[in-house]
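This report refers to the structure that appears directly beneath it.
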Amino acid sequence: MPPSSGEGRAVPPWLRRELEAVPQFDTFATVDEIAEMTCRIAAQHPDVVSLRRVGTSAQGEQLTCLTIEPGRSAPDALVVGLPHPNEPIGALTALHLARRLAGDPELRARLGHRWHIVACIDPDGLRLNEGWLKGPYTREHYARHFYRQAGPEQIEWSFPLEYKEVWFDAVLPETFALMRLIDEHRPALLASLHNSEVGGAYYYLSRPEPGLHPVLQAIPGRMGIELDRGEPEAPWMPAIDDSIFPLIDVRDAYDHLEEVGALQAFSGGNSTGAYASRHGTLTLVCELPYWTHPEALDTTPSDVGYADALRANADELRTLSDILNRSLATISPHMQLETPFLRASRYYAPVIGEQASATARRAAKASAAARKATVAELASMADTVHMFRLRYGGMLLRALDAEVAGGNVRPPVRTVRRELAALHSAWCAAAAGTSAVTLPLRSLVAVQYGSVLAAAAHLHTKR
């Protein structure tokens, strides 16, 4: 898809050249491959690159950081890959960024930062996703090998928090490593490399930067990726600009839940960006999907009322929550292994129900407006249901598979596993019927890489 003339003007020539030079990627990188490539970059460029250990994961993996010197005094930038273990685009982005910075003094000078790059902050979690990293990149294969921790076990959401009636200090070792990096270097820029699943590209910024917005909005189009047009993750927070949202701070989430009387849904700590805000850091999050389809990008009105669509979505989420909760209640007395898959399943089953309640409350508020939902809004609501079914049904299946593999063949375990497997197969077939298209890894990496370069150059120009 050729870029529009507006996109061409917004993305400067030097950045267009960087996007075009991003190489092809056929697969995602495993933990061992990331470690090997990180060491190779440091070994090939000892004059400007240093590699150091910055921590240890909960299960004993080394956490390492590449530092790339600009050759003169400069503010620091911190780049973090794999803040969630099912989001491996960022590792490819971080490693490509490190290679380019290490090998090109002109690029280092243009961006004007001292770089600290952690390609994988969650090696333990990534190892539990390695079953799908080499493809095939279908939603079913992804779902059957998917892993994402329960909320308080997520690195991104376990930073210290003291706010109103909530206190969180169960800091994970990986989180502590990031805290030390942030406090040691007080970065001017923090790029946390996330990705979503289906739709288009969108961003979070810790503060408005109007001079940066047009570049961020134009970069995806250069690589044939549209901006996202569906429902935002945090609908109570107004957008800063088109497809650019304020960085999620759980203190805002707490205030929202307090306002609607749903504080029971609150858990965990704060985010990387919220922690870095004490240093005046600009935090950038670039969210990119694995898949897209035309309906997810279509802003024309449908014939379905927005409030009606929200109510239907709430009903489907509530049904899914009930299925998972009933399954867990049946198997809980018979489970022998406290696996991360089981802990995550116990966490997400009620969370889905809480999201259903929140969606129903939004439907009640939206009824007065009586507007029609856009095609993209309908698509994103439907895909939230697909995503939750595939993700969390798949993780509960993994917990049951671990039980059977470990010798627990009690009838309730086998029965629930058989029933859930049949349901999950039907859910996978339904998701496959959405005509989702797998996006090229090169395009995804290029957009994320370009957004980091654009943010660094923007800050350097402002100084």
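The values are calculated or read from the model by the stated rules, or taken from the named source; none is laboratory data. Quick caveat, the model's predicted, so the values are computed rather than measured. When we count neighbours, we look across all protein chains shown, and the Cβ atoms used for this are built from the backbone with ideal geometry, even at glycine. Areas reflect the complete protein model, heavy atoms only, side chains present, ligands, DNA and RNA absent. Shrake-Rupley method; radii C 1.70, N 1.55, O 1.52, S 1.80 Å.
Structural remarks
- Qualifying residue in the stretch 75-84 (condition: over 29 Å from Val48 (Cα atoms), open to solvent by 10 Å² or more (accessible area, probe 1.4 Å) and modelled with pLDDT of 95 or more): no
- Single residue of the stretch 334-359 satisfying the filter (under 20 Å from the mean Cα position of the chain (by Cα) and of a type in the set (A, V, I, L, M, F, W, C)) that is farthest from Glu316 (Cα to Cα): Phe341
- Residue check, Asp303 open to solvent by 40 Å² or more (accessible area, probe 1.4 Å) and outside any strand (DSSP E or B): no
- Filter pass, Val215 being among the aliphatic types (A, V, I, L, M), on the phi < 0 side of the Ramachandran plot, over 20 Å from the mean Cα position of the chain (by Cα) and open to solvent by 10 Å² or more (accessible area, probe 1.4 Å): yes
- The residue that is farthest from Pro235 (Cα to Cα), among those in the stretch 384-427 that are of a type in the set (S, T, N, Q) and in a helix (DSSP H, G or I), is Thr415.
- Among residues of the stretch 432-463, those that are surrounded by 15 or more Cβ atoms within 10 Å (Cβ to Cβ) and at pLDDT below 95, counted: 2
- Of all residues in the stretch 429-445, those satisfying the criterion of being part of a helix (DSSP H, G or I) and in contact with a His (Cβ under 9 Å, 6 or more places away or on another chain) are Ala430, Ala431, Val445.
- Listed by position, the strands (runs of 3 or more DSSP E) inside the stretch 90-181 whose residues that are surrounded by 23 or more Cβ atoms within 10 Å (Cβ to Cβ) and within 17 Å of the chain's Cα centre (by Cα) number at least 1 are 114-118.
- Residue identified as open to solvent by less than 10 Å² (accessible area, probe 1.4 Å) and either more than 30 Å from Pro294 (Cα to Cα) or charged (D, E, K, R) (or both) among Leu51, Leu66: Leu66
- Of everything listed in (1) more than 19 Å from the chain's Cα centre (by Cα); (2) open to solvent by 10 Å² or more (accessible area, probe 1.4 Å); (3) within 30 Å of Pro23 (Cβ to Cβ), the single unmet condition for Arg229 is (1).
- A Cβ distance below 9 Å, combined with a sequence gap of six or more or placement on separate chains, defines the contacts here; from the stretch 427-453, residues that are under 15 Å from Gly135 (Cβ atoms) and hydroxyl-bearing (Ser, Thr, Tyr) reach residues that are open to solvent by less than 40 Å² (accessible area, probe 1.4 Å) and not in a loop (DSSP other than H, G, I, E, B) in the pairs Thr438/Trp291; Thr438/Thr292.
- Residue match in the stretch 110-127 (condition: over 21 Å from Thr38 (Cβ atoms) and either touching a helix residue (DSSP H, G or I) at 6+ places or on another chain (Cβ under 8 Å) or among the hydrophobic types (A, V, I, L, M, F, W, C) (or both)): yes
- Within the stretch 360-387, considering residues that are under 25 Å from Cys428 (Cα atoms) and open to solvent by less than 20 Å² (accessible area, probe 1.4 Å), the one nearest to the chain's Cα centre (by Cα): Asp383
- Any chance Gln44 is over 27 Å from Val447 (Cβ atoms), surrounded by fewer than 19 Cβ atoms within 10 Å (Cβ to Cβ) and touching a residue at least 40 places away in the same chain (Cβ under 8 Å): no
- For the stretch 27-41, a tally of residues being of a type outside the set (Val, Ile, Thr) and open to solvent by less than 30 Å² (accessible area, probe 1.4 Å) returns 2.
- Contacts under 8 angstrom Cβ, first residue in the stretch 79-100 being within 23 Å of Ala58 (Cα to Cα), partner basic (Lys, Arg) and assigned to a loop (DSSP other than H, G, I, E, B), 6 or more apart: His84/Arg148; Pro85/Arg148; Asn86/Arg148
- Under the condition of being among the hydrophobic types (A, V, I, L, M, F, W, C), farther than 15 Å from Glu419 by Cβ and open to solvent by 10 Å² or more (accessible area, probe 1.4 Å), the residues counted in the stretch 310-357 number 5.
- Candidate set: the stretch 238-288, residues that are of a type in the set (S, T, N, Q) and assigned to a loop (DSSP other than H, G, I, E, B); chosen: the one most open to solvent (accessible area, probe 1.4 Å): Ser267
- Criterion violated by Leu15 - all others in (1) under 20 Å from Leu189 (Cα atoms); (2) touching a residue at least 60 places away in the same chain (Cβ under 8 Å); (3) open to solvent by 10 Å² or more (accessible area, probe 1.4 Å) satisfied: (3)
- Taken together, the criteria place Ala369 among residues that are outside any helix (DSSP H, G or I), in contact (Cβ under 8 Å) with a residue 60 or more places away in the chain and not β-branched (Val, Ile, Thr).
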